[in-house]
Amino acid sequence: MKEILNGKELLLGVCYYPEHWTKDLWREDLKRMLDAGIEVVRVAEFAWNTVEVEEGVFDYSFWDEFLDLAEEMGMKVIMGTPTATPPAWLTKKYPEVLNCDIDGNVYHHGLRRHYNYNSLVYQKLSGRIVEAFASHYAERTCVIGWQIDNEINCETDVFYSESDSISFREYLMVKYGSLDELNKAWGTIFWNQTFTGWDEINVPRRTVQDTVNPHWQLDYIRFISDSANRWAKMQADIIRKYTKEDDFITTNGIFGHLDYQKMVNESIDFITYDSYPNFAYCLSMYDENDPIKDRKWSMNLAETRAISKVFGIMEQQSGANGWTSRMEAPTPRPGQLTLWTMQSIAHGADFVSYFRWRTATMGTEIYWHGILDYSGRDNRRLNEVKEVHEKLKALNLVAGSVYEAKVGILEDYDNLWDSEYDVWHGRVEKQSRKALFNALQKTHTPFDYVYIDGLTDASSLLAYEVLFYPHPTITDEKTVELLSEYVKAGGRLVIGCRSGYKDKTGKCVMDKLPGLFAPLTGADIPEYSLIAPDAEKVYVKWGDDEFEASVFTDILCPINGGRQLAEYTSDYYAGCGAIICNGYGMGRVFYYGSAFTEGAVRVFLKNLNVMSPYDKIISLPETMEIAVRKKDDKQYLFVLNYNKQADKITFYQNVKDIYTNQDVSGSLMINGYGTLVVEI
Ligand code: GAL
């Protein structure tokens, strides 16, 4: 049985840096952690030099001594591989391991993540340090699992070294086989970009307007993901040679340009997430008018859940943010540390490890606070961790349960990455992502993100009564077939504007739009436009409901059995189709010709009868979140109040408060930043 995510208990951990402190502090630190209910430490992810202080000379005594102590005291340990911070001796001798900016300028030693995944030298030396760590430490009884690297693709998710160009060419040779095929795929006839030799191709470089051919760019992002995944797999394969039966391999995320579905299929046992909701209160980022603020981290947690249904938090906010150069934020207020911990657990985390034990007294992160301040004295935040631990003892029955959602939002990496640099696509995605999240949150309608790829089957999609696929600009026959199967078997699918107009290379198709989606949606798009900046607001009328359209309008006509449900009420397309519904098998497809606003999402949820599924059990203000985790026939409902102020909720049935084991019914107040978990 794995020691964390074991389906039996919720565990607390902390990130600890023994190398930052004198050894005489270790014993007391571990004792105080254990007294506070912290049973796991994550260590060593930046500590290359503690083992290999000069090339090829290995000394294991530092971690041996620490692990001896951990074993003696009964502390469990997650070991990191230290590859996110290549040593100075290494980068000096082998400068080719360094990453570069888009102009090829080298990033030097002095921060972290300054390496590139494709340097053969770095692969070799990293493989060797991982092998050293794993072969020496994996057999220790206190070591329960491994974290690969640290935050792969954090700090930067673009790579421009010479090794990257060489490797990119190899990637393209395998993918396309010949330059002719590559030229076709990238449409290089446009602006005379035709390649006549492989060595003419590089990772994208700065151009006159700072963008390259979009099909080249899309393949470049796929290549980065591929490189990062190869990196993770190289390490996982080495570690697995040495791990004990129940030990796990994970990495902490989640970051851009990385296909985590692939990673979880080929390298890691589950994902862990680093959750820092206090970013919402960073002085430079704070948005007074944002109704969601730190609740937005529930979006990231839902993304994490799409990778592993039950997951861990490797770094959970426990103090103020701040690098010496940026990201200043206040100390979490009383209650917020608990609130953010429960937010993680509500979404599927069974392990929560705080960042970090004691705040660093040196380096870039002297202001990135942990549980304790510099002196290490007992403080309010440590007391709050102890209170969390008391709550978790009662919450253990939630372990292994799975977040319950009847609504899914489909995603895929091609469209995610395409929307990054394609401004038409990006604008609709961004608008719809926010509107869907905000409307689903405020109406207390739990949802999952669901990634689809070549391996997804219709039966897994049928767990959802309704699927939104906001803007699948890029699609292929296989995806359309998958969605058709889902709908045929009774699913309901809502697709937004700009769908089906690109193929896998990112080139536009010449079919009538929405391209491959036309037969399934019963919709035809004779005309489309961005909503003009000088236009009046555009509204959509669906029966008695009216809501605002946003960003774009596909003007729709029904074909092949499709039926017009709603029309635009303004501009030159007033009266034209805005929503087409098509019955297909036992289900239905809705093609909506615009980007989603909160109003649009609410009307879809209402008309498809999936809004607020727990409203017969509880009523609560929009400012609070609810989440339900389910195991066997038991359901655990979390209530999270992100506001400073207390507010009222009402239960319409008897429920059991898990923290206190008391029955509750009727109205009660939830404190500012308060949380409640009940069995329903
Ligand atoms: C994370 C990182 C940690 C620490 C923390 C606070 O992104 O994994 O090592 O840097 O942020 O900045």
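Which numbered condition in (1) within 23 Å of residue 642 (Cα to Cα); (2) of a type in the set (Asp, Glu); (3) surrounded by fewer than 20 Cβ atoms within 10 Å (Cβ to Cβ) is the only one that residue 448 fails?
(3)
Could you give every pair whose Cβ atoms fall below 7 Å, whose first residue belongs to the stretch 84-98 and is at pLDDT 95 or above, and whose second residue is basic (Lys, Arg), counting only separations of at least 6 or pairs across chains?
84/112; 84/113; 85/112
Which condition does residue 258 not pass, out of (1) under 15 Å from residue 150 (Cα atoms); (2) assigned to a helix (DSSP H, G or I); (3) in contact with a Ser or Thr (Cβ under 8 Å, 6 or more places away or on another chain), if it passes all the others?
(2)
The conditions are (1) aliphatic (A, V, I, L, M); (2) out of contact with any Phe, Trp or Tyr (no Cβ under 9 Å at 6 or more places or on another chain); (3) under 27 Å from residue 159 (Cα atoms), and residue 283 fails exactly one of them. Which is it?
(3)
I need every pair where a residue in the stretch 352-372 that is over 18 Å from residue 29 (Cβ atoms) has its Cβ under 8 Å from the Cβ of a residue that is among the acidic types (Asp, Glu) and within 13 Å of the ligand (Cβ to nearest atom), sequence separation at least 6 or different chains.
Hits for this filter: 367/328.
Filter the stretch 166-201 down to the residues that are part of a helix (DSSP H, G or I) and among the polar types (S, T, N, Q), then identify the one that is surrounded by the fewest Cβ atoms within 10 Å (Cβ to Cβ).
Step one: list which residues in the stretch 166-201 are part of a helix (DSSP H, G or I), which gives 166-176, 179-186, 190-192, 198-200.
Now drop any that are not among the polar types (S, T, N, Q), which leaves 167, 183, 192.
On the way: 167: 22, 183: 16, 192: 6.
In this case the residue turns out to be 192.
Looking at the stretch 361-377, which of the residues that are within 9 Å of the ligand (Cβ to nearest atom) and buried (at least 17 other Cβ atoms within 10 Å of the Cβ) is farthest from the chain's Cα centre (by Cα)? Give the steps one after another, and end with the answer.
The first filter runs over the stretch 361-377 and keeps only residues within 9 Å of the ligand (Cβ to nearest atom), leaving 364-365, 368.
When the remaining residues are screened for being buried (at least 17 other Cβ atoms within 10 Å of the Cβ), the result is 365, 368.
Numbers: 365: 23, 368: 22 Å.
Per the stated criteria, the residue is 365.
Check 41, 77 and return the single one that is more than 16 Å from the ligand (Cβ to nearest atom), buried (at least 23 other Cβ atoms within 10 Å of the Cβ), in contact (Cβ under 8 Å) with a residue 24 or more places away in the chain and in a strand (DSSP E or B).
77
Go through the stretch 484-537 residue by residue and tally those that are hydroxyl-bearing (Ser, Thr, Tyr) and in a helix (DSSP H, G or I). Even if it seems obvious, please write down each step before you answer.
Step one: of the stretch 484-537, the residues hydroxyl-bearing (Ser, Thr, Tyr) are 484, 486, 499, 501, 505, 521, 528-529.
Now drop any that are not in a helix (DSSP H, G or I), which leaves 484, 486, 521.
Qualifying residue count, the stretch 484-537: 3.
Looking only at the stretch 281-291, decide whether some residue is within 13 Å of the ligand (Cβ to nearest atom), among the acidic types (Asp, Glu), farther than 24 Å from residue 414 by Cα and in the same structural domain as residue 347 (by TED's automatic domain parsing).
So far as the stretch 281-291 goes, no, none of its residues is within 13 Å of the ligand (Cβ to nearest atom), among the acidic types (Asp, Glu), farther than 24 Å from residue 414 by Cα and in the same structural domain as residue 347 (by TED's automatic domain parsing).
Quick check: anything in the stretch 48-59 in contact with a Cys (Cβ under 6 Å, 6 or more places away or on another chain) and away from the ligand (no atom under 16 Å from the Cβ)? Break it down stepwise before answering.
As a first pass, look at the stretch 48-59 and keep what is in contact with a Cys (Cβ under 6 Å, 6 or more places away or on another chain): none.
Looking for residues that are in contact with a Cys (Cβ under 6 Å, 6 or more places away or on another chain) and away from the ligand (no atom under 16 Å from the Cβ), one finds none in the stretch 48-59, hence no.
Give me a count of the residues in the stretch 137-165 that are in a helix (DSSP H, G or I) and surrounded by 17 or more Cβ atoms within 10 Å (Cβ to Cβ). Break it down into steps so the answer makes sense when it comes.
At the first step, the residues of the stretch 137-165 found to be in a helix (DSSP H, G or I) are 137, 162-165.
Retained after the next criterion (residues that are surrounded by 17 or more Cβ atoms within 10 Å (Cβ to Cβ)): 137, 163-165.
The qualifying residues number 4.
Look through the stretch 350-382, keep the residues that are aliphatic (A, V, I, L, M) and in contact with a Ser or Thr (Cβ under 8 Å, 6 or more places away or on another chain), and return whichever of them is nearest to residue 76 (Cα to Cα).
As a first pass, look at the stretch 350-382 and keep what is aliphatic (A, V, I, L, M): 352, 360, 362, 366, 371-372, 382.
With in contact with a Ser or Thr (Cβ under 8 Å, 6 or more places away or on another chain) added as a condition, the list becomes 352, 366, 371-372.
Values: 352: 14, 366: 27, 371: 19, 372: 20 Å.
Among residues in the stretch 350-382 that are aliphatic (A, V, I, L, M) and in contact with a Ser or Thr (Cβ under 8 Å, 6 or more places away or on another chain), the one nearest to residue 76 (Cα to Cα) is 352.
Any residue in the stretch 631-643 that is free of Cβ contacts under 8 Å to residues at least 24 places away in the same chain and surrounded by fewer than 20 Cβ atoms within 10 Å (Cβ to Cβ)? Can you show your working first?
First pass over the stretch 631-643, keeping only residues free of Cβ contacts under 8 Å to residues at least 24 places away in the same chain: 632-633.
Keeping just the survivors that are surrounded by fewer than 20 Cβ atoms within 10 Å (Cβ to Cβ) gives 632-633.
Looking through the stretch 631-643, at least one residue is free of Cβ contacts under 8 Å to residues at least 24 places away in the same chain and surrounded by fewer than 20 Cβ atoms within 10 Å (Cβ to Cβ).
Of all the residues that make up the stretch 566-614, how many are of a type outside the set (D, E, K, R) and either within 24 Å of residue 532 (Cα to Cα) or in contact with a His (Cβ under 9 Å, 6 or more places away or on another chain) (or both)? Working first, answer last.
So the first thing to find is which residues in the stretch 566-614 are of a type outside the set (D, E, K, R), and the list is 566, 568-570, 572-587, 589-597, 599-601, 603-605, 607-614.
Next, only the ones that are either within 24 Å of residue 532 (Cα to Cα) or in contact with a His (Cβ under 9 Å, 6 or more places away or on another chain) (or both) stay: 566, 568-570, 572-580, 591-597, 599-601, 611-614.
Final tally of qualifying residues: 27.
Given the condition within 22 Å of the chain's Cα centre (by Cα), more than 16 Å from the ligand (Cβ to nearest atom) and assigned to a helix (DSSP H, G or I), answer yes or no: does some residue in the stretch 391-408 qualify?
Applying the first criterion (within 22 Å of the chain's Cα centre (by Cα)) to the stretch 391-408 yields 399-408.
Now restrict to residues that are more than 16 Å from the ligand (Cβ to nearest atom): 399-408.
Right, trim to assigned to a helix (DSSP H, G or I) and you get none.
No - not one qualifying residue is present in the stretch 391-408.
Would the stretch 125-146 turn up any residue that is under 29 Å from the mean Cα position of the chain (by Cα) and either of a type in the set (Lys, Arg) or within 16 Å of the ligand (Cβ to nearest atom) (or both)?
Yes: one or more hits.
Given the criteria among the aliphatic types (A, V, I, L, M) and more than 16 Å from the ligand (Cβ to nearest atom), does residue 236 qualify?
On the way: among the aliphatic types (A, V, I, L, M): yes; more than 16 Å from the ligand (Cβ to nearest atom): yes.
Considered against the rule, which asks whether it is among the aliphatic types (A, V, I, L, M) and more than 16 Å from the ligand (Cβ to nearest atom), residue 236 comes out as yes.
Only residues that are in contact (Cβ under 8 Å) with a residue 24 or more places away in the chain and loosely packed, with under 15 Cβ neighbours inside 10 Å: list them for the stretch 549-581, please. Give the steps one after another, and end with the answer.
Kept after step one, since they are in contact (Cβ under 8 Å) with a residue 24 or more places away in the chain, are these residues of the stretch 549-581: 549-563, 565-571, 573, 577-581.
Result: 560, 561, 563.
Quick check on my filter: what residues within the stretch 414-431 are part of a helix (DSSP H, G or I) and crowded, with 20+ Cβ neighbours inside 10 Å? Break it down into steps so the answer makes sense when it comes.
To start, the set of residues in the stretch 414-431 that are part of a helix (DSSP H, G or I) comprises 414-421, 423-431.
Matches in the stretch 414-431: 414, 415, 417, 418, 419, 425, 428, 429, 431.
What are the pairs with Cβ atoms under 6 angstrom where one residue, in the stretch 150-172, is within 13 Å of the ligand (Cβ to nearest atom) and the other, located anywhere, is not in a loop (DSSP other than H, G, I, E, B)? Sequence gap at least six, or different chains.
Qualifying pairs under 6 Å: 151/252; 152/228; 153/228.
Given the structure, is residue 434 in a helix (DSSP H, G or I), without any contact (Cβ under 8 Å) to a residue 12 or more places away in the chain and buried (at least 17 other Cβ atoms within 10 Å of the Cβ)?
Details: in a helix (DSSP H, G or I): yes; without any contact (Cβ under 8 Å) to a residue 12 or more places away in the chain: yes; buried (at least 17 other Cβ atoms within 10 Å of the Cβ): yes.
Yes, satisfied.
Pick from the stretch 330-349 the residues that are closer than 22 Å to residue 272 by Cβ and either part of a loop (DSSP other than H, G, I, E, B) or out of contact with any Ser or Thr (no Cβ under 9 Å at 6 or more places or on another chain) (or both): which of them is nearest to the ligand (Cβ to nearest atom)? Working first, answer last.
Step one: filter the stretch 330-349 for residues closer than 22 Å to residue 272 by Cβ, giving 332, 336-349.
Now restrict to residues that are either part of a loop (DSSP other than H, G, I, E, B) or out of contact with any Ser or Thr (no Cβ under 9 Å at 6 or more places or on another chain) (or both): 332, 336, 345, 347-348.
Working: 332: 14, 336: 17, 345: 20, 347: 19, 348: 20 Å.
So the residue we want is 332.
Filter the stretch 616-645 down to residues that are part of a loop (DSSP other than H, G, I, E, B) and either under 20 Å from residue 280 (Cα atoms) or acidic (Asp, Glu) (or both), then give me how many there are.
Of the residues in the stretch 616-645, the ones part of a loop (DSSP other than H, G, I, E, B) are 616-617, 620-623, 632-633, 642-645.
Subsequent filtering for residues that are either under 20 Å from residue 280 (Cα atoms) or acidic (Asp, Glu) (or both) retains 622-623, 632-633, 642-645.
Of the residues in the stretch 616-645, 8 are part of a loop (DSSP other than H, G, I, E, B) and either under 20 Å from residue 280 (Cα atoms) or acidic (Asp, Glu) (or both).
I'd like the full set of residues that are in a helix (DSSP H, G or I) and more than 16 Å from the ligand (Cβ to nearest atom), limited to the stretch 304-317. Give the derivation first.
The initial filter retains those residues of the stretch 304-317 that are in a helix (DSSP H, G or I), namely 304-305.
Hit for the stretch 304-317 is 305, nothing else.
The values are calculated or read from the model by the stated rules, or taken from the named source; none is laboratory data. None of these values were measured; they are calculated from a predicted model. Cβ coordinates were reconstructed from backbone atoms using ideal geometry, including for glycine residues, and neighbour counts include every protein chain displayed.
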